[in-house]
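What follows is a single structure, written as structure tokens, with notes after it.
The values are calculated or read from the model by the stated rules, or taken from the named source; none is laboratory data. What you see is a predicted model, and the numbers here were worked out from it, not measured in a lab. All Cβ positions, even for glycine, are placed from backbone atoms using ideal geometry, and neighbour counts span all protein chains on display. To get the accessible areas, we keep the full protein, side chains included, count just its heavy atoms, and leave off ligands, DNA and RNA. Shrake-Rupley method; radii C 1.70, N 1.55, O 1.52, S 1.80 Å.
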Amino acid sequence: MSDLRRIIWLASYPKSGNTWTRIFLANYLANPKKALTLDEMTKYSTGDAIARNYHKVAGRQVDTKNLNQVLSLRESVLRSIVSNAADAYLVKTHYYRKKVNGIELIPPKFTRSSIYIIRNPLDLVLSSSRHSAISVEKAAEQICHDGKVTSPSEKTVPMIEGSWSEHVNSWTSFAPYPVLVVRYEDMIADPRRSFGGMLSHLGIPVDEERLECAIRFASFEELKKQEKASGFVEKPAHAERFFAVGQKDQWKTDLDPALAEMIRAKMGETMKRYGYLE
């Protein structure tokens with residue numbers, strides 16, 4: 001039997017820089033003369049929560065509100081990804097790395113390695129509020145909720161994410177395959193080092209000129225310009241835009257100190273481990 005360990009997970013809690021990472025990698029791999037369009041970049045990776053893939057392996061319309069039914073199909077969906085001709089697949093995920101109902105959400109038998117992107121929850125909560133068109137208070141409650149499951153949409157099945165700290169701890173604990181942990185804040189401060197490290201982790205030679213070009217093509221200015229001109233398929237219908245600020249430390253001016261303290265009280269131990277407690 002051939003080795004099915006072909007998935008390279010691009011994993012993160014929602015609103016932590018996953019899309020930015022995928023757009024950079026697509027531009028580096030394609031090496032285009034001008035920036036890939038947002039539609040073009042989706043050809044270089046896939047996702048593990050795309051509803052049509054669950055309908056396809058089931059051979060019928062799946063009730064995406066039925067979490068147990070979705071989970072029962074998950075292995076078949078992942079197997080269908082790795083059963084194609086390519087040697088490796090970049091797969092976006094927001095699932096945490098745990099077993100649920102005896103089902104391995106991130107099965108080692110399909111996994112080659114992972115890149116895990118982590119972001120300060122004090123900034124993440126502001127981005128999540130904008131993205132989901134909910135209050136910051138509601139967003140803070142959600143990221144602190146153990147076992148959190150994000151509801152399905154027209155295009156996606158439910159995603160079992162847990163709280164921010166549950167998610168981080170699940171992906172950064174021991175794994176039987178290589179895991180690269182990258183902080184979103186470091187991606188902003190030194191993109192050449194962060195994105196270059198991702199390429200090295202993937203076993204892709206780093207060409208400095210190509211690296212600079214891919215970083216430029218994946219800049220927030222470029223992405224906002226493209227979204228304004230053509231839209232973006234991953235933008236929720238209720239959100240004003242997908243690509244917003246893309247900064248760090250916005251919480252210092254925009255987050256209610258009481259909410260910041262609540263998040264620290266709930267998840268301070270994990271925040272401290274990754275340099276998010278001052």
* Please tell me if Ser151 is within 26 Å of Phe110 (Cβ to Cβ), touching a Cys at 6+ places or on another chain (Cβ under 7 Å) and not charged (D, E, K, R). => no
* State the number of residues belonging to segment 108-119 that are open to solvent by 10 Å² or more (accessible area, probe 1.4 Å) and either touching a helix residue (DSSP H, G or I) at 6+ places or on another chain (Cβ under 6 Å) or farther than 9 Å from Ile7 by Cβ (or both). => 3
* From (1) of a type in the set (D, E, K, R); (2) closer than 24 Å to Thr37 by Cα; (3) in contact (Cβ under 8 Å) with a residue 40 or more places away in the chain, pick out the condition that doesn't hold for Asp123. => (2)
* Structure fact -> Of the residues in segment 140-156 that are surrounded by fewer than 22 Cβ atoms within 10 Å (Cβ to Cβ) and among the hydrophobic types (A, V, I, L, M, F, W, C), the one that is nearest to Trp251 (Cα to Cα) is Cys144
* To do: Return yes when Arg52 is at pLDDT 95 or above and farther than 15 Å from Thr156 by Cβ and no when it is not.
  => no
* To do: Output the residues belonging to segment 70-85 that are out of contact with any Phe, Trp or Tyr (no Cβ under 9 Å at 6 or more places or on another chain) and assigned to a helix (DSSP H, G or I).
  => Leu71, Ser72, Ser80
* Asked: Are any residues in segment 190-207 in contact (Cβ under 8 Å) with a residue 12 or more places away in the chain and surrounded by fewer than 16 Cβ atoms within 10 Å (Cβ to Cβ), and if so, which ones?
  -> Arg192, Ile204
* Selection count where residues are in a loop (DSSP other than H, G, I, E, B) and of a type outside the set (S, T, N, Q), scope segment 14-32 -> 4
* Identify, from the list Arg216, Arg241, the residue that is among the basic types (Lys, Arg), closer than 23 Å to Lys33 by Cα and either at pLDDT 60 or above or open to solvent by 40 Å² or more (accessible area, probe 1.4 Å) (or both). => Arg216
